[in-house]
1. Calculate the FRET efficiency for Asp163 and Arg197 from the Cβ-Cβ distance with a Förster distance of 41 Å, rounded to the nearest 0.05.
2. Compare the peptides 200-209, 105-114 by average per-residue count of other Cβ atoms within 10 angstrom and give them in order, highest first.
3. Could you tell me what percent of the accessible area of segment 90-138 is made up of carbon and sulfur, with a 1.4 Å probe and every protein chain present?
4. Quick one: Karplus J couplings for segment 126-142, per residue in order, coefficients 6.51, -1.76, 1.60, θ = phi - 60°, nearest Hz, x for Gly and Pro?
5. For segment 217-228, what does the Karplus curve 6.51 cos²θ - 1.76 cosθ + 1.60, with θ = phi - 60°, yield as ³J(HN,Hα) per residue in whole Hz, taken in order and with x for Gly and Pro?
6. Can you list the residues, at least 5 places off or on another chain, whose amide H is less than 5 Å from the amide H of Asp56, using H built in the peptide plane?
7. Label segment 75-124 by shape, choosing from rounded, prolate and oblate, from the square roots a ≥ b ≥ c of the eigenvalues of the Cα gyration tensor; if a/c is under 1.5 it is rounded, and otherwise prolate applies when a/b is larger than b/c, oblate when it is not.
8. Share of segment 139-191's accessible area from carbon and sulfur, percent, 1.4 Å?
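The values are calculated or read from the model by the stated rules, or taken from the named source; none is laboratory data. None of the values given here were measured: they were computed from a predicted structure. Cβ placement follows ideal geometry from the backbone for every residue including glycine, while neighbour counts extend to all protein chains displayed. Accessible surface areas use protein heavy atoms only, side chains included; no ligands, DNA or RNA. Shrake-Rupley method; radii C 1.70, N 1.55, O 1.52, S 1.80 Å.
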Amino acid sequence: KKKKKHDDDAAEDEPKEPQMSEDEREAMIQAAIAAAKPFSTVDAMVTPATKPEFGDYQCNAAMSLAKSAGLNPRECAQKIVDGLRPLIGDIMEEPEIAGPGFINLKFKEDYLSRALKTMADDAGGRLAVPQTSYKKKIVVDFSSPNIAKEMHVGHLRSTIIGDTLSNLLSFAGHDVLRLNHVGDWGTQFGMLVEHLRDEFPQALNKETSKNVDLGDLVTLYKAAKKRFDVDDDFKMRS
């Protein structure tokens, strides 16, 4: 009983956590809302206009952001327009809020005329696009095929994408290194050659190798890889 009384006394002596008043809680919530940044580049949702009468671009972000911002879509759209107006005033006509909260954007004709003239007058052939002032060295890794196996459309696709990105980055002024990493090709061919010696020696004979096509080599390579993973002697020979 004495121990229980001592524990009760100790619990009473512990400092109690101060209770937050309703006003303090509300003030904290409002401060968090004010500091929050609900609009991100991911939420921008700026796309080409679906119809010419809507202008050149349209922004549908207000529809999805309204709830998280505690606004109805048109109010949210108005806040977006208020933020855009000082940034695009020399480029775009006055943004139009349509329907429940769509924002229509249209280029000013005089801006387009000036931009086209500047592009046409650029003797450097860059259409007046300036090079970056933050030049970086960028490595673009292409398809990186296993050269002991047959290539497929995936290698072609990634090579085209890699070359396109490299062209864009070079045009922007970056130092670009195009790279096709083929890995440990010695081991890859070592596996294949050793497996052919054991299982299909005619493929290594100049007279009979013409009867072996690339499809056969793919099948043989897969079999060689299985042996390589489990056979230490075969691994050493490879």
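1. 0.60
2. Descending mean neighbour count gives 105-114, 200-209.
3. Result for segment 90-138: 57 percent of the exposed heavy-atom area is carbon or sulfur.
4. 9, 6, 6, 8, x, 6, 5, 8, 10, 5, 10, 9, 10, 9, 10, 8, 7
5. 5, 5, 4, 5, 5, 4, 5, 5, 5, 5, 5, 4
6. Residues meeting the criterion, in which the H sits 1.01 Å from N, are Leu105, Lys106, Phe107.
7. Prolate.
8. 65
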